[in-house]
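To start, the structure itself, in structure tokens.
The values are calculated or read from the model by the stated rules, or taken from the named source; none is laboratory data. All of these numbers come straight from a predicted model, not from anything done at the bench. Cβ coordinates were reconstructed from backbone atoms using ideal geometry, including for glycine residues, and neighbour counts include every protein chain displayed.
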Amino acid sequence: MSIQILRPVTIKAKVTEGLKVSLGKELKAALQQLDDELQQLESQVKRAQLTQTISAQQQMQLRQLVEQEKAKRADKKAQIHEEMQAILQLPLGSEIVQGTAQSLATVDVGDDFDALVSMELVVEDGKVIAIRKGDASSGIIV
């Protein structure tokens, strides 16, 4: 008797110059989005101050909230800059974990369950180059 189960499949990417450029573009877009959010936040605060009569205490609370949001976004920007540096340091040909997917697997009595659920899919420049049983917990998560 056998059953079918869903198993996790680790998606790994082989590091190439193209992958580095692609990841760099994604991170630059994330930085731009953070900058846009900050500008929108500032615009909303100015609009609120001009259109509504709010007390000095409310203005101070609003300013504190804005400063907290700015600090959060500054932290995110610093983290993104660190990720950008890490990408530049990745050796060509190494493999990084990009995520997980699921696949069906047939399980029979006596199967090695650990080997069954440790599957990897390796991609290079958008093409699958390997499907292998492996250690799903290894690698760098991007």
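Tally time: how many residues in segment 94-119 are within 10 Å of Ala13 (Cα to Cα) and assigned to a strand (DSSP E or B)?
The number of residues fulfilling the criteria is 5.
Please work out which residue is modelled with the highest pLDDT, limiting yourself to segment 98-117 and to residues that are surrounded by 10 or more Cβ atoms within 10 Å (Cβ to Cβ) and of a type in the set (D, E, K, R).
That would be Asp111.
Scan Leu65, Leu50, Leu41, Leu6 and give me the residue that is outside any loop (DSSP other than H, G, I, E, B) and either of a type in the set (Gly, Ala, Ser) or surrounded by 15 or more Cβ atoms within 10 Å (Cβ to Cβ) (or both).
Among Leu65, Leu50, Leu41, Leu6, only Leu41 is outside any loop (DSSP other than H, G, I, E, B) and either of a type in the set (Gly, Ala, Ser) or surrounded by 15 or more Cβ atoms within 10 Å (Cβ to Cβ) (or both).
Give me a count of the residues in segment 27-86 that are among the β-branched types (Val, Ile, Thr) and closer than 30 Å to Glu17 by Cα.
Final tally of qualifying residues: 1.
Table: residues versus (1) over 30 Å from Glu124 (Cα atoms); (2) touching a helix residue (DSSP H, G or I) at 6+ places or on another chain (Cβ under 7 Å).
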position: Ile11; (1), (2): no, no
position: Thr16; (1), (2): no, no
position: Leu23; (1), (2): no, yes
position: Glu37; (1), (2): yes, yes
position: Ser43; (1), (2): yes, no
position: Gln49; (1), (2): yes, yes
position: Gln57; (1), (2): yes, no
